[in-house]
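The values are calculated or read from the model by the stated rules, or taken from the named source; none is laboratory data. Remember, predicted model here, so these are calculated numbers, not experimental data. Cβ atoms come from the backbone with ideal geometry, glycine included; neighbour counts cover every protein chain shown.
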């Protein structure tokens, strides 16, 4: 809302320059977004509190400033009117109209101009001067916050009815060039032929007063806030009037506004005709709220007396009942302009807090403050993050939803399990159509973004969640799964002169998963699963020969793998083979396995290499297990090399490094011959075991031709 | 001439022969060592002269054949001098050759230290996570625990119990994404507070609830449809407005320093009363401080307590939302926080590994 400083000064004495007024206004909840200076004076653009309809006027703003400063207020001039019995001209046919008063004014002398401050008030607040009959009502709306409407009485056909629309009714509203259908049930003001206004929202062109209008009906009403808001939303029209009514207008001002209008119309040659017709009169609630003075002082750490608080409340128009109040308890009557937001004691605390200023109160901490325990899962999460950061990974944030464009990165088939989504119903942007059921699409988006920015080495991770339709879920729509994902693409290490590039591959990612497993004190098991079910549908987008399920206690908790070449093609990413991991955050909460400290020994190990040619149907992990089971002297088995060439018959030749303890359980030192003999025995056991178990032929590399 | 030589000369020819032999060895050694330029040859020379079977050692072995004690003593002195001479020369030349070899090595190994160092660049947590974690740690020391909640919510938890009835203008403050089944995407993490108040009745309740929220707004340079919020709630018997002020001030000073101050301005949030906006600024000794809005807070509205099964006559509390995006902007000098949601890792890199000002 815009207000002119000069106009405001007609409502309250302001003994400060604008530079000092603005911070004061902000300190009482009247946020000043802009200060503009022009030949029309100083205009302040305010952001008003959403619950304070009374702020939508100069008088309301003046009252709020008065509540802090007690600067003198000035009321508007008015000429009294009488209220007649009955309302022959108006009929109320809806319960949504709380109060409705109509006064008639007729030209009875020479037309004259309105005082300059009327136009100044309207224009300072962004309104337009139309004609004197209309300007009076608009002025009162801006000045005192009571929306009013004027009709050309000679254009009104028969009785005025306040009613709700029936299906298909139309109205030609102000500032529009063709009639529009009004929603059924919209509260309107109508005569016997036309709809004259949508109540509290916008007038219609029928019966609109002009400069030549001789007889005017002026309406002053209190409409139901919800009804006005529904109409305003349905029509897409937000007027000063609707904003005021939506926040609850002042039922005590319905007649006052007509008396101010009476004064202004008299200045321009119109005279009130007869009495005001009060078609609906609202017996609005007049609450009395109890305020505990000691309670207030404890709440704010203050020491105010009942008299001091009473005086401050009076500045807002809140009267303390002296008969029923004591030094410890104040009984406070709520005025009509505050019935919408002052209902209980805390509302009065708020008024007084604003009056005194929140910055005047002391600072304390809640009594009995003690630190909370850092949960184990957060420590584990932190360890994982530290490790990833040390490896060069950046944490990113992605949206909880995406659109077809992002999903297209995956090149999904029509029957892909990733085609099933929870959908947003009213997204302004089609990129927010689906709640995400996987993170790979966005992860590839990040790779593509960075590759396009000539930053091909991408390492990113996120803690997030995915959404999976499930009518059996708690909310009847979907399961929310807390997940962690990471993607790596390009080189493992930063580019350094004199160093060879080492492209990221699936074993790099697998290694990180294994390290995460260790950090969580969990023993993940990675199983190569060529055919994925629906347990982890994102697995279908990983290379069928280079992906594994991550299992914990036989439960699938994640996937790791290289992105499927087809997916990569659909994503448009070239010259890179990104690898991806998705892991359930459940692992942060799983019980860790106890671990035992094994002190380092002074007995140095003896190392022997064993190179075996292993056919494709034998898992290297299984071979390692057999090696360990075969000899109690083997302390550790590591893979030190892998190659595949014509010389190996295009099979994988794997070099295992066997670490023997140099001393037996009996305390005897092993000789080199004994270790060599043990290695030969292990090799033979492996060959025999897999021949028997899988009919697989494992060969000693040095035994190959 | 040495005194010992004179004495031996007086004793007869035997000593003279020995002296001649010593001089011969000495001269020959000197010739050879003058030509040595590497440690290997020097070592060969050492073995040849003072090694177990070296000339000096052999000569010293002849002492036992000398019967005359005076001659024997004089010869021993002569031989020792020879040994000392040889060993001294060897040591001196070893040092000389080592120095030469060291100089050669250094010259050969000298590099251009202006070449860039080889690095392994670390990554970084998201700057928002960093601030979130800091705030959580500070608040944890005050007894606040982390609580999470669903992002897909009911209108009841997002609006109704929080004192935002349908058709209230306050709903305009948060444009909502709606889903099927009359569900929605939470527009604020206050939903977590609602769920906690609904399910917990043991006091005190002290929680923080950071997380993603969704607003169905047109995205521009300063608005996002999905962004992070960080909220906290403290409920107990006798919680005061001053506790809210003290807690917020504690967090701000812990993060930014004790020379920072907080001011509170009236605001409206349907679920708190009184509601306040929080601005912070560095204290200045002259001129006006530059205030930056950092979040909103307030005392839990009595109606919210009633809606969630608590008696506002018995309990009170405060809730707050910290503008962590604003804090990140302040800490890192980022103009548009939106860039941190776009996956451009150059931005993350630039934040994490800031350059020195030139």
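Descriptive notes on the structure:
- Considering residues of the stretch A:447-468 that are at the interface with chain B (Cβ under 9 Å from one of its Cβ atoms) and within 23 Å of the chain's Cα centre (by Cα) only, the residue surrounded by the most Cβ atoms within 10 Å (Cβ to Cβ): A:461
- In this entry, residue A:489 passes the filter for residues that are in the same structural domain as residue A:578 (by TED's automatic domain parsing), crowded, with 21+ Cβ neighbours inside 10 Å and at pLDDT 95 or above.
Per-residue answers, yes or no, for (1) loosely packed, with under 13 Cβ neighbours inside 10 Å; (2) not in a loop (DSSP other than H, G, I, E, B):
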site	(1), (2)
A:508	no, yes
A:515	no, yes
A:523	no, no
A:538	no, yes
A:562	no, yes
A:569	yes, yes
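- Picking from residues in the stretch B:93-127 that are touching a helix residue (DSSP H, G or I) at 6+ places or on another chain (Cβ under 8 Å) and more than 7 Å from chain A (Cβ to nearest Cβ), the one that is farthest from residue B:317 (Cα to Cα) is B:93.
- Positions within the stretch A:338-361 being surrounded by fewer than 16 Cβ atoms within 10 Å (Cβ to Cβ) and more than 7 Å from chain B (Cβ to nearest Cβ), in sequence order: A:360
- Checked against (1) outside any loop (DSSP other than H, G, I, E, B); (2) touching a residue at least 24 places away in the same chain (Cβ under 8 Å); (3) more than 8 Å from chain A (Cβ to nearest Cβ), residue B:171 passes all but condition (2).
- Inside the stretch A:383-402, residues that are within 8 Å of another protein chain (Cβ to nearest Cβ) and surrounded by fewer than 15 Cβ atoms within 10 Å (Cβ to Cβ) make up a count of 1.
- Out of A:369, A:406, A:364, sole residue that is in a helix (DSSP H, G or I) and either at the interface with another protein chain (Cβ under 7 Å from one of its Cβ atoms) or modelled with pLDDT under 95 (or both): A:406
- Residue within the stretch B:348-357 that is under 30 Å from residue A:29 (Cβ atoms) and not in a loop (DSSP other than H, G, I, E, B) present: no
- Search result, residues across the stretch A:17-72 that are free of Cβ contacts under 8 Å to residues at least 40 places away in the same chain, loosely packed, with under 14 Cβ neighbours inside 10 Å and more than 13 Å from every other protein chain (Cβ to nearest Cβ): A:17, A:34, A:36, A:37, A:38, A:39
- So residue A:209, is it in contact with a helix residue (DSSP H, G or I) (Cβ under 6 Å, 6 or more places away or on another chain) and surrounded by 18 or more Cβ atoms within 10 Å (Cβ to Cβ): yes
- Residue in the stretch B:201-218 that is without any contact (Cβ under 8 Å) to a residue 24 or more places away in the chain, within 11 Å of another protein chain (Cβ to nearest Cβ) and buried (at least 19 other Cβ atoms within 10 Å of the Cβ) present: no
- For the stretch B:151-162, the criterion of being at the interface with chain A (Cβ under 9 Å from one of its Cβ atoms), touching a helix residue (DSSP H, G or I) at 6+ places or on another chain (Cβ under 8 Å) and at pLDDT 90 or above is satisfied by at least one residue.
- Any hit, the stretch B:235-255, residues being more than 17 Å from residue B:297 (Cα to Cα), in the same structural domain as residue B:140 (by TED's automatic domain parsing), touching a strand residue (DSSP E or B) at 6+ places or on another chain (Cβ under 8 Å) and surrounded by 18 or more Cβ atoms within 10 Å (Cβ to Cβ): no
- Residue in the stretch A:107-119 that is part of a helix (DSSP H, G or I), in contact (Cβ under 8 Å) with a residue 24 or more places away in the chain and either in contact with a helix residue (DSSP H, G or I) (Cβ under 7 Å, 6 or more places away or on another chain) or closer than 30 Å to residue A:40 by Cα (or both) present: yes
- Each residue in the stretch A:409-446 was checked for being within 12 Å of another protein chain (Cβ to nearest Cβ), out of contact with any strand residue (DSSP E or B) (no Cβ under 7 Å at 6 or more places or on another chain) and not in a helix (DSSP H, G or I), and 3 of them qualify.
- Filter result for residue A:211 (outside any strand (DSSP E or B), in contact with a strand residue (DSSP E or B) (Cβ under 8 Å, 6 or more places away or on another chain) and over 16 Å from residue A:241 (Cβ atoms)): no
- Sole exception among (1) under 28 Å from residue B:237 (Cα atoms); (2) within 12 Å of chain B (Cβ to nearest Cβ) for residue A:304, by number: (2)
- Any hit, the stretch A:311-327, residues being farther than 30 Å from residue A:225 by Cβ, more than 14 Å from chain B (Cβ to nearest Cβ) and at pLDDT 95 or above: yes
- The one condition from (1) outside any helix (DSSP H, G or I); (2) in contact with a strand residue (DSSP E or B) (Cβ under 8 Å, 6 or more places away or on another chain); (3) farther than 29 Å from residue B:263 by Cβ; (4) at the interface with chain B (Cβ under 9 Å from one of its Cβ atoms) that residue A:374 does not meet is (2).
- Count of residues meeting criterion [within 14 Å of chain B (Cβ to nearest Cβ) and assigned to a loop (DSSP other than H, G, I, E, B)] in the stretch A:238-257: 5
- Criterion: in contact (Cβ under 8 Å) with a residue 40 or more places away in the chain and more than 22 Å from residue B:139 (Cβ to Cβ) - qualifying residue of B:338, B:290: B:338
- Meets criteria (farther than 20 Å from residue A:562 by Cα and either touching a helix residue (DSSP H, G or I) at 6+ places or on another chain (Cβ under 7 Å) or surrounded by fewer than 17 Cβ atoms within 10 Å (Cβ to Cβ) (or both)) for residue A:419: yes
- Taken as a whole, the stretch A:682-689 holds no residue that is modelled with pLDDT of 80 or more, in a loop (DSSP other than H, G, I, E, B) and loosely packed, with under 15 Cβ neighbours inside 10 Å.
- In the stretch A:258-293, the residues that are assigned to a loop (DSSP other than H, G, I, E, B), in contact (Cβ under 8 Å) with a residue 60 or more places away in the chain and surrounded by fewer than 20 Cβ atoms within 10 Å (Cβ to Cβ): A:269, A:281, A:282, A:284
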